[in-house]
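Below is one structure, written out as structure tokens, with a few remarks after it.
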Amino acid sequence: MTQPDQQAPDLAAELHALLERLDADLAAAHNAEEARAAAAKLLGKKGALTALQKKLGTLPAPERPAFGASLNRAKDDAASRLENRLTTLEREAFERSLSGPPLDPTLPPRGLPHGHAHPLMSTMHDIVDIFGRMGFQVAEGPEVEDDFHNFEALNFPPDHPARDMQDTLFVDAPGNLLMRTHTSPVQIRTMLAQQPPVRVVIPGAVYRHDDDATHSPRFFQVEGLLVDDHTTLADLKGCLTLFVQEFFGADVSVRFRASFFPFTEPSGEIDCRCVVCRGKGCRVCKGSGWLEILGCGMVDPAVFRHVGYDPEKWQGFAFGMGVDRLAMLRHGMSDIRLLYENDLRFLRQFQ
Ligand code: PHE
């Protein structure tokens, strides 16, 4: 009968000491993880309270209820002390998170970095825009063409020497496919698809067997075609002079020069003062002081016949310009290859 008397005070003291130690451990915990670890020392599978519970069966039956009740109280106590500590830690962490620099919701957002158009594309856009203001609409066509649209309908007979200047990649297969050498085939496609009046500009890539400081094997053109009744060479000159002045400014010197294209008659070219040497003669203008920017002329009646327009009723003019050349002139570049190397140090200058 002495054992139960001794057991009771021992147990109470032991439980008290365990809870005291838990309090100390919880107070020392810096975060939820440490707090839970401290509580597990009592409540976990290998915890002190769990170990005591296992001793329950070794006690005489009459003592078990009181021992069990004390243990349960101690467990509840330990669990609620853990909960309290977790709540406090959470609140403290929240308060710490608020104590940083104050948020200012009125600040404007930081800008996202964004790209910009390539100088060739912005030049092409500006050219199209100028003609757009004169009432021209945009038309486009395929870069892989056939002989009919690229040459034949444009009045280049099969063995005509004018084809030599426009050597390109030919596909050795039925259909006579080739990489188009100019945007002029879209003149044909446009006229086959619609009746006059016509007023289109045609931007796009073209391909030729050329590669030097001023020629790239792939380059860009903007073509123009106007068909109406009473159209004259004066309309062509007026329209293109206005274009040059809009593009370069009213003070740029240009010259009209007679030329030849199979699909225009008469034909001409417009040259611009070389911006690199200002007319003295250099590598870019090949010593002439002038740079060709554009070919033009009155639509040849033979072309109208190919597309079924009556040449007695309709007249028109056409032009085709090199976008690369115009971009180089505008920015004073001396080598066309800069436009195709994609060196960001170069391209970023045109932001
Ligand atoms: N297609 C010609 C070329 O690429 C340019 C041109 C277009 C000339 C329209 C006259 C009329 O050389």
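What the table shows:
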quantity	calculated
Residue match in region 315-325 (condition: in contact (Cβ under 8 Å) with a residue 40 or more places away in the chain, farther than 26 Å from PRO161 by Cβ and within 16 Å of the ligand (Cβ to nearest atom))	yes
Those residues of region 303-325 which are of a type in the set (Gly, Ala, Ser) and open to solvent by 10 Å² or more (accessible area, probe 1.4 Å), in sequence order	GLY308, GLY320, GLY322
Test: residue in region 202-219 that is touching a Gly at 6+ places or on another chain (Cβ under 6 Å), in the same structural domain as GLU143 (by TED's automatic domain parsing), under 17 Å from ASN150 (Cβ atoms) and charged (D, E, K, R)	no
In region 253-300, the residues that are within 30 Å of PRO196 (Cα to Cα) and free of Cβ contacts under 8 Å to residues at least 12 places away in the same chain	ALA258
Residue match in region 194-211 (condition: touching a Cys at 6+ places or on another chain (Cβ under 7 Å) and either without any contact (Cβ under 8 Å) to a residue 12 or more places away in the chain or closer than 21 Å to PHE304 by Cα (or both))	no
Test set (1) open to solvent by less than 70 Å² (accessible area, probe 1.4 Å); (2) over 24 Å from PHE248 (Cα atoms) - ASP126 fails condition number	(2)
Subset of region 281-314 that is modelled with pLDDT under 95 and on the phi > 0 side of the Ramachandran plot - its residue that is nearest to the ligand (Cβ to nearest atom)	LYS286
Filter result (at pLDDT below 90 and touching an Asp or Glu at 6+ places or on another chain (Cβ under 7 Å)) within region 217-254	VAL254
Matching residues, region 326-351, being within 16 Å of the ligand (Cβ to nearest atom) and surrounded by fewer than 23 Cβ atoms within 10 Å (Cβ to Cβ)	ILE336
Of residues in region 156-181 being open to solvent by less than 100 Å² (accessible area, probe 1.4 Å) and aliphatic (A, V, I, L, M), the one nearest to the chain's Cα centre (by Cα)	MET179
Qualifying residue in region 16-23 (condition: under 60 Å from the mean Cα position of the chain (by Cα) and either among the acidic types (Asp, Glu) or within 30 Å of PHE94 (Cβ to Cβ) (or both))	no
Output for region 234-273, where each listed residue is within 19 Å of GLY135 (Cβ to Cβ), open to solvent by 20 Å² or more (accessible area, probe 1.4 Å) and of a type in the set (A, V, I, L, M)	ALA234, LEU242
Scope region 44-69; condition within 60 Å of the chain's Cα centre (by Cα) and surrounded by 13 or more Cβ atoms within 10 Å (Cβ to Cβ); matching residues	GLY44
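Yes/no matrix, rows are residues, columns are (1) within 36 Å of the chain's Cα centre (by Cα); (2) more than 16 Å from the ligand (Cβ to nearest atom); (3) not in a strand (DSSP E or B):
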{"residue": "VAL222", "(1), (2), (3)": "yes, no, no"}
{"residue": "LEU225", "(1), (2), (3)": "yes, no, no"}
{"residue": "ASP235", "(1), (2), (3)": "no, no, yes"}
{"residue": "SER259", "(1), (2), (3)": "no, no, no"}
{"residue": "GLY279", "(1), (2), (3)": "no, yes, yes"}
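The values are calculated or read from the model by the stated rules, or taken from the named source; none is laboratory data. Only a predicted model underlies this, so the values are computations on that prediction, with no experimental measurement involved. Quick reminder, even Gly has a Cβ in these numbers, built from the backbone with ideal geometry, and neighbours come from all protein chains shown. Calculation scope for accessible area: heavy atoms of the full protein, side chains included, ligands and nucleic acids excluded. Shrake-Rupley method; radii C 1.70, N 1.55, O 1.52, S 1.80 Å.
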